[in-house]
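The next block holds one structure in the form of structure tokens; read it before the comments.
The numbers here are math on the coordinates, done by the rules we state, and not lab data. Remember, predicted model here, so these are calculated numbers, not experimental data. Note: ideal-geometry Cβ built from the backbone for every residue, glycine included; neighbour counts use all protein chains shown.
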Amino acid sequence: MAVSFVFAAVFGYLADRLRLPPLVGYLVAGILMGPFTPGFIADGALAGQLAEMGVILLMFGVGLHFSASELLAVRGVAVPGAIAQIVLATLLGVGLSALWGWGIGAGLVLGLSLSVASTVVLLKALEERNLVNSANGRVAVGWLIVEDLAMVLALVLLPALAEILGAHATGTAGQAAAGMPLALTIAITLLKVGAFAVMAIFLGPKVVPWLLTLVARTGSTELFTLSVLAIALGIAFGATEIFGVSFALGAFFAGVVMSESNLSHRAAADSLPLQNAFSVLFFISVGMLFDPSILVREPMAVMAALALIIFGKSLIAFCIVLLLRFPVGMGLTVAASLAQIGEFSFILAGLGVSLGLLPREGQDIILAGAILSITINPLVFFAAEIGEKAFHRKWPAFFASYGAKRQGALARELGDIRAISDERNRQHQLKMQQLIDTFPLFAQVDEHAQEELLLLFKPKSASPGERIIRIGDRGDGMYFIASGAVEVQLDDEPVRLEPGAFFGEMALLSGGRRTADVVAIDFCDFLILDRRDFNVFMSRHPALRTAVSNMARERAEMNTLRRNPDQTSGAA
Ligand code: CMP
């Protein structure tokens with residue numbers, strides 16, 4: 001890991017100096033650390049596992065910024081687009097492998113591997129161009145999610161189909177599924193994925209925000225970050241183990257579920273550094289798998305695969321987008337986004353080899369195709385931008401009008417969805433602002449602490465005449481008056497406290513008994529910080545504690561003075 005990070009940092013920087021995206025540097029670092037180049041060889045198995053963490057965290061991050069309604073909004077283009085693209089690209093793959101004299105099974109694996117793009121690469125590319133939140137970016141991500149779903153099905157079906165496709169199974173995967181009829185396998189898989197989706201959609205939004213709130217109330221940032229990770233990885237793992245859904249997809253849904261919570265921003269901010277670090281390891285592990293000699297052994301095959309990925313797939317995607325009556329610009333962005341392959345392709349290729357469907361060099365060709373297409377991807381984006389400009393110049397009328405209606409409708413729908421979530425954020429912000437406006441005391445703690453207070457406060461209301469605090473009781477909590485008024489009943493005359501004031505702090509600070517009765521003299525709303533939360537929160541925010549203590553001391557002094565007025569004259 002140490003060598004990975006050092007190499008990645010050095011080569012990432014060098015790549016940047018050469019005006020290449022840093023991920024090219026990470027790939028090179030991986031190749032240098034791999035078993036096929038001389039010198040240091042890193043632990044490939046470990047790299048693979050850590051890379052998987054990267055993919056999980058990354059997909060989780062996408063999910064955090066993606067709501068279920070946005071996913072539904074882009075389904076009109078993403079679902080038909082992804083399916084048609086997979087089918088066509090797979091057919092191209094089958095054709096290609098027929099040329100090489102491979103069987104239909106090998107062709108199927110090759111075609112499927114070449115048809116599914118890498119999430120990591122796609123997201124980095126969109127991020128770099130600030131497209132993640134644009135309509136085109138949303139469509140590209142939605143498209144990819146559908147591809148991932150299709151690959152889940154493919155991974156399950158492949159072993160079942162292996163027999164029919166004339167595999168000479170070497171692994172155990174083939175035999176396990178061979179006993180079951182194909183229709184049953186498909187039905188079970190769909191059922192499992194469906195069950196997972198139902199759980200994620202209906203149970204998730206109830207349980208996850210509740211859990212996060214529970215942890216956030218402890219006030220420990222460490223525990224919060226840990227819980228975010230635990231939920232993301234836990235759901236991802238559960239999705240794989242129980243439902244047979246892929247890790248990445250599980251993590252994506254974990255993110256979507258969490259995105260409904262007010263705490264999602266904090267969750268996103270907390271997991272981002274980890275996401276970045278581990279996604280670097282993803283590129284390293286890809287680089288490590290790569291055997292550069294394939295470029296010499298099978299240059300033509302590699303070139304053909306690369307052409308299929310870069311030209312074949314993008315052309316298909318572009319045409320599909322236009323056929324679905326969306327504009328040229330979207331077609332180009334989606335095409336460029338998908339003109340690469342990655343993690344799923346390796347998994348498929350690995351399975352294909354272990355089932356005896358795909359020859360070994362097939363796997364090497366797929367890897368070479370992945371490395372090259374990932375490296376060239378920025379160029380493809382660049383070409384797409386140039387193409388867009390050229391198109392605009394040549395056929396301005398067509399460029400402006402074709403697909404504009406559907407694009408407009410989609411952008412509006414996405415905009416509405418965004419507006420709803422913005423509104424929710426605004427409401428939350430407003431609540432925080434109200435808190436500070438009512439209680440200027442809290443202006444001295446940072447935003448995190450204010451959020452925490454919102455979670456810690458327990459509301460309580462009282463009617464006029466109700467006794468809130470009884471003298472001599474043990475201190476159970478501190479009260480903040482949000483509305484109404486109370487009277488602190490001191491011996492001589494009562495003290496009236498109004499919104500913005502607090503009471504009940506003395507017994508908490510001293511650990512002793514309540515010093516006075518407090519009675520509501522109006523319809524009141526209080527925010528209560530109970531004793532345990534008070535102690536934890538105050539110990540974390542000494543400035544606040546001092547302010548509250550000073551107030552308590554002043555009050556105590558005032559009370560002694562009132563009880564012995566002679567002291568006043570004496571002092572005077
Ligand atoms: P506590 O002793 O916990 O319960 C009674 C509360 O009345 C006490 O905390 C203070 O918050 C409040 N209190 C006591 N004396 C005064 C005062 N002179 N002015 C305002 N509030 C007071």
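Brief remarks follow.
- Bridgeable aspartates and glutamates around Lys206 (alpha carbons under 17 Å apart, same-chain partners fewer than 8 residues away excluded): Glu260.
- Nearest 10 degrees, 0 to 90: helix 44-64 Cα axis against the chain principal axis: 60
- Taking Cα atoms only, the orientation of helix 343-354 departs from the longest principal axis of the chain by about 50 degrees.
- Reach of Lys405 by Cα under 17 Å, taken over aspartates and glutamates that are not fewer than 8 positions away in the same chain: Glu413, Asp416
- About its Cα centre, the stretch 468-543 has a charge dipole of approximately 460 debye under the convention of +1 per Lys or Arg Cβ and -1 per Asp or Glu Cβ, with nothing else charged.
- On full extension, the segment bounded by Arg531 and Met558 gains 7.3 nm, given 0.36 nm per residue less the C-alpha separation.
- Furthest towards positive pole of dipole, Ala232, Val257, Pro181, structure part the chain, Cβ charges: Pro181
- Angle between the chain longest axis and helix 264-289 axis [Cα atoms, degrees, rounded to 10]: 30
- Of the Cα atoms belonging to the chain, the radius of gyration and Dmax stand at 30.9, 111 Å.
- Calculated FRET efficiency, Thr213 to Ile83, Cβ-Cβ distance, R0 = 45 Å: about 0.70 to the nearest 0.05.
- Between Arg297 and His392, the distance separating the two model label sites (each 7 Å from Cα on the Cα→Cβ line) works out to 4.6 nm.
- Lys, Arg +1 and Asp, Glu -1 on Cβ, resulting dipole of the chain about Cα centre, debye, nearest 20: 1000
- Put a dot 7 Å past the Cα of Leu14, heading toward its Cβ, do the same for Arg406, and the two dots end up 4.6 nm apart.
- Residues listed by number, the stretch 510-550, amide nitrogen under 18 Å from Lys431 label point at 7 Å toward C-beta: 525-530
- Cα centroid of the stretch 380-423 to Cα centroid of the stretch 306-357, whole Å: 20
- Computed magnitude of the charge dipole of the stretch 198-304 (debye, nearest 20; Cβ of K, R +1, Cβ of D, E -1): 240
- Whole-Å distance, taken between Cα centres, linking the stretch 223-289 and the stretch 523-569: 44
- For the stretch 412-518, trypsin sites (Lys or Arg not before Pro) are listed when DSSP marks them as loop and at most 12 other Cβ atoms sit within 10 Å of their Cβ; the list is Arg470.
- 222 nm mean residue ellipticity, helices alone, for the chain (DSSP H n ≥ 4; -39,500 (n - 2.57); rounded to 500): -23000 deg cm²/dmol
- Separation between Cα centres of the stretch 73-99 and the stretch 432-485, rounded to whole Å: 59
- Per-pair calculated FRET efficiency, R0 = 41 Å: Leu223 and Glu128 via Cβ, rounded to 0.05: 0.80
- Full-stretch length increase - Phe36, Glu423 - with 0.36 nm per residue and alpha-carbon distance subtracted: 133.9 nm
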